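Following: one structure in structure tokens, then a few remarks.
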Amino acid sequence: MDSRLLFVFALAWIHLMVVDARIPEEPAVPNQMVTTESMVTASTQPTPELHHPPQNGPCFYAEPELCQSPLIDDPKLQVPNCECRLHPTIPQSLICCNVTSLTNITSCQEPDPSEHWKNIHVRNASLDELDISNGFWKLFESISITDGTLKRITREFTRFSATKCFNVSNNTIMEIQPRVFRNLMQLQVLDISFNNLSTIPNINKLTNLTMLTIDIRGNKDMLCKSVSETIDRGGLELNFVEPDKTYCLTNQTFNWFNSTDNVPLRQLYRMKQLQSECPSDCKCEVERMNYEQQSPENGTPLLIFSAKVDCSNRHLTELPQKLPTNTYSLNVSCNNITSLSALNDNPTYQQIIRLYADNNQISSLLDLEGTTFIEEFEVLSLRKNKLKSIPIYLLSNTLDKNPRGKMLYFEGNKLHCDCNSAKILRLWLLARQNHIKDWDQILCENMPQIVVDLSEMKLCQSQHDWTDYIYYLIAAEIFLLGALVFKVSYDYWVFKTAGYLPWPASKMPKLPCDWLCES
């Protein structure tokens, strides 16, 4: 038994020795936890490699490791009167880390005035405001101020600045004054990503180039209206970085939408293509945007815009030959259009659900029979046209199937009114007041009345002809024949009972057959 206890104590002693041997390695566990925590924190913020311009472009990018003092504390890399350091491998390039004052940067002196610095990257700067008008920045081709607390950029670059790349990503910038980039005639890349900006500063028509790469990702308050206005200004082709992953914010003051939502920039590009597909002399606009279908790639909803086309007052004699993609509303009022056949045989009209064709020469709705439009329409406005009749069967069919939200307008059309108009059309208009808002303003062509005031008693009387008088003649003949039979019978009865004939039978001349009665 004692030997067993001794064996157990020996095992315990060996276990304690092993544990003691591992104690020096225990700090690795907290370090790992700190690393994991930092990774989790970083996962909420985009990594620098994802949103900084490439090194081989016009932008200079200094890796975060270069801000570690053991790597940068080299006398050969020191800069007089400056907290910045020279890049160890890229010539004429400055690296500034953890700067708390702009003077710690702008006081830097070039060791060789004949060779100007070309690039600078300021990391982790604790700055609230950047006055970019200081001449220190003028000769830099690439200026990067990233991963800091910068809140606003004021003033403007000096004239003839050589900057080709301006990168202020990963800060907390809320304001960039509109004229900041006015003098950047060579700007090629502008990175204002991952800040708190809601608008894009003026950048159009400011460079000698035809294209500007701009990165606005990560600005959660960026307004679509500002992005759209920037694209519309023209004079410069904008290349947005990752437009499918860059979103802008819509709001109720932006007339495309009825609610607040995020829209990818790729969708804005598609909206701009709307103008290239717009019919000549017509006006095309984005009306609204909806999540209408699922993306086949990942199952997420796709944001689809609907367009409205205004071709009113264009002296058209027929509907436009082609409409932009996703056109849902078409206005062709005040033209000389005579037919709606395009809604039947033109594939670009398949998505039309609102048609405004007032003040035209349209005389029939039969072209709409069998069309997608007549089944799905929301608005059909045909005021002041040349309609002579309304095909009740055609409209009743779709209104009975799906009555919700459908509106019809026929004011100012002069219909041919008859008994059917009084018996059927009048009652139909009265029953469809919710769908036909101008039901009481549809006129008759052949009489000075509106349709709903027609009288069935007046219009539905049958017309007399010569055959009607035959019945009266036959009735008269039957009456006379009956009277004659009665008279003859009466005279015979009087003669037999009284022996004489009453007047006028007694005054009648004798006939050859009277001898039959004398016997």
| How far apart, in nm, are two points set 7 Å out from the Cα along the Cα-to-Cβ line at Ser107 and at Asp232? | 4.9 nm
| Computed accessible area, Glu277, all protein chains, 1.4 angstrom probe, square angstrom | 80 Å²
| What FRET efficiency do you get for Arg288 and Arg266 if R0 is 22 Å and r is their Cβ-Cβ distance, rounded to the nearest 0.05? | 0.80
| note | Within the under-15-Å Cβ sphere about Ile442, not counting Ile442, Lys/Arg +1 and Asp/Glu -1 give a net charge of +1
| Cut-off under 5 Å, modelled amide H: who pairs with Ile214 long-range | Leu190, Asn239, Phe240, Val241
| remark: Counting only residues 5 or more apart in sequence or on a different chain, those whose built amide H sits under 5 Å from that of Asn167 are Ile143, Ser144, Ile145, Asp191
| request: Multiply the residue gap between Ser339 and Val488 by 0.36 nm, knock off their C-alpha separation, and tell me the result in nm, one decimal place. | output: 46.0 nm
| Spin-label model distance (nm) - Ser363 vs Leu427, 7 Å beyond Cα toward Cβ | 3.1 nm
| query | Which of the peptides 147-157, 214-224 is most tightly packed, and how do the rest follow, going by the mean number of other Cβ atoms within 10 Å of each residue? | reply | 214-224, 147-157
| task | Quick one: net charge around Ile390, please, counting Lys, Arg +1 and Asp, Glu -1 for every other residue with C-beta under 15 Å from its C-beta. | result | +3
| note | Relative contact order in percent for the stretch 321-377 (Cα pairs under 8 Å, 6+ apart) equals 41 percent
| query | By a straight-distance test (C-alpha under 23 Å), which lysines pair with Lys406 as possible cross-link partners, with residues fewer than eight away in the same chain excluded? | reply | Lys308, Lys384, Lys386, Lys388, Lys414, Lys437
| query | What's the extension gain from Glu83 to Asp131 if we count 0.36 nm per residue and subtract their Cα-Cα distance? | reply | 15.4 nm
| request: Would you mind checking the stretch 336-372 for residues with the amide N under 13 Å from a putative spin-label position 7 Å along Cα→C-beta of Thr317? | output: 336-339
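The values are calculated or read from the model by the stated rules, or taken from the named source; none is laboratory data. Note that this is a predicted model, so its numbers are computed, not measured. Positions of Cβ are backbone-derived with ideal geometry, glycine not excepted, and every protein chain shown enters the neighbour counts. We work out accessible area using only protein heavy atoms, side chains counted, and drop any ligands, DNA or RNA first. Shrake-Rupley method; radii C 1.70, N 1.55, O 1.52, S 1.80 Å.
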